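Student: Quick one: the structure is below, questions incoming.
The values are calculated or read from the model by the stated rules, or taken from the named source; none is laboratory data. None of these values were measured; they are calculated from a predicted model. Using ideal geometry, Cβ is built from the backbone for each residue, glycine included, and neighbour counts are taken over all protein chains shown.
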Amino acid sequence: MNNLQNAFYNILPIFLQNVACNIHGFKQKKLRYGGSFRDRLEWLEGTQWWTVNQIEEYQNQQLKKIIAHAYHTVPYYKRVFDNIRLKPNDIKTKEDLSKIPVLTKEDIRRNLADIISRDFKKFALIHSHTSGTSGKSLQFYMEPEAVQFRWAVWWRHKKRFRIAFDAPYATFTGLNAIPLNQKYPPFWRENKQMNQTVFTMHHIVPNKIQAIATRLNKGGFTYYAGYPSIIYVLARLLLEHGLKITRPPKVIFTGAENLYEHHRKVIAEVFQCVVTDQYGFSEGCGNASRCQHDVFHEDFEYGILECNNSVVHSDRSKEGRILATGFSSYAMPFIRYEVGDVGIWKPEASCSCGRHSRVLSKINGRVEDYVITPEGSRIMRFDYIFKDSHAVEEAQVVQYEKDSITVRVVRRPEYCQNDEELLRSEIKNKVSSKLKVNFEYIQEIEREANEKFRAVKSYLKEEQKIS
Ligand SMILES: [Zn+2]
């Protein structure tokens, strides 16, 4: 939603907001689960049992196909290949990938118009943007088939835990589907088209937790899905308020950021169920999902995950920065895309579940911290604030003291006073109207000791965090 749509949505009565959610839900359902989705899911349920040789043969064949397509129809790749006199035929196997330069987020930003395949019309593509971990906005395009492929991969993960396709579920999201100033329940919206009830992080606050617990207990939700950091905050609040979940879900599926073991423990305890996660990113060019034995398997059908600049540990596991080459999007191919995460691969691709795709023992994805608003909500994600701020190169939100935050911005040359005003009003409208916002302009945002970028950072003491 853009700002105008958002302002309009916010003044609608709740039943019309539910209607709007359903219209959106109807469109989403058609996009995600239409077209090739069902055939793809059925195929994926078979391919997950392929042998090592079958996997290798399939990946090399898909690789050759996407490379030839990229070279012949995507001006950016033609230029990159020609510059180093590389021909599509030089890439025959996964091992040849290292001949191709790494694709960074900045490369995509600078070459957006040239990285779309000439075989596709832009208007027929799905336009998305993400700020990733660093507050930088990244735009990209994909064809509907690529969206269906992604949802088929995600649904295969759910099917491993025996979830039926139409099962009712609750989603915990960072989106703004519920106006910030709403004081009375329902603090959720119903998307009947998808049998989904949406809860947002802005309303998971102490004075609303009782109403949320009542809705969850009434729910009969078969599963929950969402960001682990948000579900963790929910679990903590339920514990702190002595509230019990009397009708727990069968499974909780998390994704999009790190699921920490100590968070998983609290979540599993409060909701008395299995908690599993998968590793994916919106750019949609690589994925890994856990099996029933809690082991992370590469979803090899969807793309190749490479371990770049790797270090070999004493147990022969390999650690390195994740590069992804996607097999699903021909509209905007991602080849050796640097995701910004670090993975550790086990030396052998074996698991007692019987799958042979490569196994990751750990993925260091997003590192999350949170700020506390004067209203008492714990906000872990600000990426939606920066989504339309193309003049922001990088941003970090820091909380030094209660009731205020500092937005640290690395500006692009075109950044002006208006951009600051826009960010200020976005925070006022979407995060908190009472939060004081300071800006700090800097040359560069320092990385953490583990080289990860920290999008949100809190200097509050633990006791200040408990409101
Ligand atoms: Zn397994």
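Student: Would you mind finding the one in Thr254, Thr246 that is in contact (Cβ under 8 Å) with a residue 24 or more places away in the chain, buried (at least 22 other Cβ atoms within 10 Å of the Cβ) and more than 16 Å from the ligand (Cβ to nearest atom)? Walk me through it before giving the result.
Tutor: Numbers: Thr246 fails: buried (at least 22 other Cβ atoms within 10 Å of the Cβ).
Answer to the selection: Thr254.
Student: Output the number of the condition that Ala256 fails; it satisfies all remaining conditions of (1) touching an Asp or Glu at 6+ places or on another chain (Cβ under 8 Å); (2) outside the structural domain of Asn22 (by TED's automatic domain parsing).
Tutor: (1)
Student: For the stretch 160-167, does any single residue satisfy the condition of being at pLDDT below 95, basic (Lys, Arg) and within 30 Å of Asn364 (Cα to Cα)?
Tutor: To start, the set of residues in the stretch 160-167 that are at pLDDT below 95 comprises 165-166.
When the remaining residues are screened for being basic (Lys, Arg), the result is none.
Checked the stretch 160-167: no residue is at pLDDT below 95, basic (Lys, Arg) and within 30 Å of Asn364 (Cα to Cα).
Student: Turning to a different aspect of this structure: Can you tell which of Lys105, Lys92, Lys121, Lys87 is of a type outside the set (Phe, Trp, Tyr), within 24 Å of Gly340 (Cα to Cα) and either exposed (fewer than 15 other Cβ atoms within 10 Å of the Cβ) or within 26 Å of the chain's Cα centre (by Cα) (or both)? Lay out the reasoning, then the answer.
Tutor: Details: Lys92 fails: within 24 Å of Gly340 (Cα to Cα); Lys121 fails: within 24 Å of Gly340 (Cα to Cα); Lys87 fails: within 24 Å of Gly340 (Cα to Cα).
Going through Lys105, Lys92, Lys121, Lys87 in turn, the sole match is Lys105.
Student: Just one of (1) among the polar types (S, T, N, Q); (2) over 17 Å from the mean Cα position of the chain (by Cα); (3) at pLDDT below 95 trips up Thr200, so point out which.
Tutor: (2)
Student: Return the residue satisfying two criteria in turn: it lies in the stretch 132-149 and is part of a loop (DSSP other than H, G, I, E, B) and in contact with a Phe, Trp or Tyr (Cβ under 7 Å, 6 or more places away or on another chain), and of such residues it is modelled with the highest pLDDT. Working first, answer last.
Tutor: From the stretch 132-149, those part of a loop (DSSP other than H, G, I, E, B) are 132-137, 143; that's our starting set.
Going one step further and asking which of them are in contact with a Phe, Trp or Tyr (Cβ under 7 Å, 6 or more places away or on another chain), we end up with 133-135, 137, 143.
Details: Thr133: 50, Ser134: 53, Gly135: 53, Ser137: 64, Glu143: 97.
Applying the filter and picking the extreme gives Glu143.
Student: Return the residue satisfying two criteria in turn: it lies in the stretch 279-295 and is more than 13 Å from the ligand (Cβ to nearest atom) and in a strand (DSSP E or B), and of such residues it is farthest from the chain's Cα centre (by Cα).
Tutor: Of the stretch 279-295, the ones more than 13 Å from the ligand (Cβ to nearest atom) are 279-287.
Checking the rest, the ones that are also in a strand (DSSP E or B) come to 279-280, 287.
Values: Tyr279: 8, Gly280: 6, Asn287: 11 Å.
Across the stretch 279-295, the extreme among qualifying residues is Asn287.
Student: Here's a follow-up. Within the stretch 296-315, take every residue that is part of a loop (DSSP other than H, G, I, E, B) and modelled with pLDDT under 95 and give me the one that is nearest to the ligand (Cβ to nearest atom). Lay out the reasoning, then the answer.
Tutor: Of the stretch 296-315, the ones part of a loop (DSSP other than H, G, I, E, B) are 299-302, 313-315.
Next cut, modelled with pLDDT under 95 only: 313-315.
On the way: His313: 21, Ser314: 24, Asp315: 19 Å.
Looking at residues that are part of a loop (DSSP other than H, G, I, E, B) and modelled with pLDDT under 95, I get Asp315.
Student: Kindly provide the set of residues from the stretch 112-131 that are assigned to a helix (DSSP H, G or I) and more than 21 Å from Phe386 (Cβ to Cβ), ordered by number. Walk me through how you get there before you give the answer.
Tutor: So the first thing to find is which residues in the stretch 112-131 are assigned to a helix (DSSP H, G or I), and the list is 112-115, 122-124.
Those that are assigned to a helix (DSSP H, G or I) and more than 21 Å from Phe386 (Cβ to Cβ): Ala113, Asp114, Ile115, Lys122, Phe123, Ala124.
Student: Has the stretch 429-446 got at least one residue that is at pLDDT below 90, of a type in the set (Asp, Glu) and not assigned by TED's automatic domain parsing to the domain that holds Phe140?
Tutor: Checked the stretch 429-446: at least one residue is at pLDDT below 90, of a type in the set (Asp, Glu) and not assigned by TED's automatic domain parsing to the domain that holds Phe140.
Student: Looking at (1) under 30 Å from Leu41 (Cβ atoms); (2) buried (at least 16 other Cβ atoms within 10 Å of the Cβ), which is the only condition Arg321 fails?
Tutor: (1)
Here is a yes/no grid of residues against (1) within 18 Å of Val153 (Cα to Cα); (2) crowded, with 23+ Cβ neighbours inside 10 Å; (3) more than 16 Å from the ligand (Cβ to nearest atom):
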{"position": "Tyr330", "(1), (2), (3)": "yes, no, yes"}
{"position": "Phe334", "(1), (2), (3)": "yes, yes, yes"}
{"position": "Tyr337", "(1), (2), (3)": "no, yes, yes"}
{"position": "Val342", "(1), (2), (3)": "no, no, yes"}
{"position": "Lys346", "(1), (2), (3)": "no, no, no"}
{"position": "Cys351", "(1), (2), (3)": "no, no, no"}
{"position": "His356", "(1), (2), (3)": "yes, no, no"}
{"position": "Ser361", "(1), (2), (3)": "no, no, no"}
{"position": "Asp369", "(1), (2), (3)": "no, no, yes"}
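Student: Looking at (1) under 19 Å from Tyr384 (Cβ atoms); (2) of a type in the set (Gly, Ala, Ser); (3) in contact with a strand residue (DSSP E or B) (Cβ under 6 Å, 6 or more places away or on another chain), can you tell me which one Ala170 breaks?
Tutor: (1)
Student: Select from the stretch 192-232 the residues that are assigned to a helix (DSSP H, G or I) and among the polar types (S, T, N, Q) and list them in ascending order. Show your work before the answer.
Tutor: Step one: filter the stretch 192-232 for residues assigned to a helix (DSSP H, G or I), giving 192-194, 201-203, 206-219, 228-232.
Scanning the stretch 192-232 gives Gln193, Asn207, Gln210, Thr214, Asn217, Ser229.
Student: Kindly provide the set of residues from the stretch 18-75 that are of a type in the set (Phe, Trp, Tyr) and farther than 30 Å from Cys351 by Cβ, ordered by number. Before the answer, list the steps.
Tutor: Step one: filter the stretch 18-75 for residues of a type in the set (Phe, Trp, Tyr), giving 26, 33, 37, 43, 49-50, 58, 71.
Listed by number, the residues that qualify are Phe26, Tyr71.
Yes or no, residue by residue, for (1) surrounded by fewer than 19 Cβ atoms within 10 Å (Cβ to Cβ); (2) assigned by TED's automatic domain parsing to the domain that holds Pro168; (3) over 19 Å from the mean Cα position of the chain (by Cα); (4) farther than 24 Å from Leu12 by Cβ:
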site	(1), (2), (3), (4)
Asn181	yes, yes, yes, no
Pro206	yes, yes, yes, yes
Arg215	yes, yes, yes, no
Gly220	yes, yes, yes, yes
Ser229	no, yes, no, yes
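Student: Another one. So, in the stretch 394-407, exactly how many residues are closer than 18 Å to Lys436 by Cα, surrounded by 19 or more Cβ atoms within 10 Å (Cβ to Cβ) and not β-branched (Val, Ile, Thr)?
Tutor: 3
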